Amino acid sequence: MKQRVITGIIFGAVVLALLLFHNVGRLILLALIPILSLIEYSQMTKFKLIDWLLFFMLVTTVFLLCANSVHPAFILIPICILNFVLIGNLYLNAPKIKHEKFKSILAALYIVSPFVVAYFQELHSSLYYLFIGIMILIWVSDSSAYFVGSQIGKRKFFPSISPKKTWEGFYGAGMCVMLFSYVIFSLTQFSTFQFWLFFGLIIWILGAFGDLVASHVKRLHSIKDSGNLLPGHGGFYDRFDAFIFVLPFVLLLHTLTT
């Protein structure tokens with residue numbers, strides 16, 4: 001726990017510094033998260049040459065669509081649908097989309113493509129408050145779910161994949177996330193209260209399932225941590241699983257409300 005806390009403080013400070021103090025810092029972070037997560041995902045799922053070829057073809061296609069000013073919704077909606085399918089997989093003994101079979105497609109659309117869209121949107125209009133909001137609310141959600149669950153948690157949330165998560169922790173996280181969503185709205189006056197209401201719901205509910213999807217991938221391949229870059233936390237994919245999962249939904253919300 002001591003190592004986890006120290007790593008979390010240092011890493012959190014670096015991430016916030018990149019987000020807060022320089023536009024280039026945000027672009028660097030938008031590159032580091034998918035690249036390092038992709039490396040770990042490819043190692044877990046054992047990418048072959050054909051997988052890399054298909055992956056680069058898909059990502060290049062998304063990049064060219066963004067570069068040619070295709071409306072982001074046309075890219076984000078299929079990614080969001082795919083993410084809902086990944087949630088559905090959690091409840092099935094025989095998943096509809098198997099990570100070992102469709103790993104290149106999942107790596108391209110689930111892990112990398114939302115960041116490609118975010119990169120182009122950041123170039124046209126700063127997504128400063130979106131990225132800050134995602135980071136802060138995910139940390140609030142994770143921390144409150146842990147502390148509430150460890151104190152009063154009794155009913156297991158999803159024992160087959162993440163036995164330590166509880167419904168009490170899940171609801172506690174929801175209350176804290178919605179409270180902080182209102183605080184962020186009050187301090188920044190960015191967009192509307194309704195926007196931040198839906199923003200908070202996305203982080204709370206879909207962020208929790210994003211964590212489960214990542215845990216599902218690791219369980220399928222009998223791996224505890226996706227990597228060891230962050231002592232006490234595992235790898236980049238472990239640390240940013242919720243961020244990766246919620247990003248296309250947040251970008252779609254922003255696209256449809258601006």
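Values in this text are rule-based calculations from the coordinates and carry no lab data. Just so it is clear, the model here is predicted, and its values are computed rather than measured. Here the Cβ positions follow ideal geometry from the backbone for every residue, glycine too, while neighbour counts run over all protein chains shown.
Tabulated results
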quantity	calculated
Paramagnetic reach from Trp139 (point 7 Å along Cα→Cβ, amide N under 17 Å) across the stretch 169-183	176-183
Per DSSP, loop trypsin sites (Lys or Arg not before Pro) in the stretch 25-83 with at most 12 further Cβ within 10 Å	Lys46, Lys48
Listed residue pairs exceeding 30 Å between alpha carbons, taken from Lys48/Lys224; Lys101/Lys224; Lys48/Lys156; Lys48/Lys164; Lys156/Lys218	Lys48/Lys156; Lys48/Lys164
Scaled radius of gyration (Cα, divided by 2.2 N^0.38 Å) that the chain gives	0.97
As computed over the stretch 127-176, the Cα convex hull volume per residue (Å³)	65
Hits among aspartates and glutamates - C-alpha to C-alpha of Lys165 under 15 Å, sequence gap 8 or more where chains match	Asp142, Asp211
Cα-projected label distance for Lys156 with Arg219, points at 7 Å along beta-carbon direction, nm	0.9
Given charges at beta-carbon only (K, R positive; D, E negative), |dipole| of the chain in Debye	740
Length-normalised contact order of the chain in % [C-alpha pairs under 8 Å, at least 6 apart]	26
Separation of the Leu27 and Phe147 label points, Cα + 7 Å toward Cβ, nm	3.8
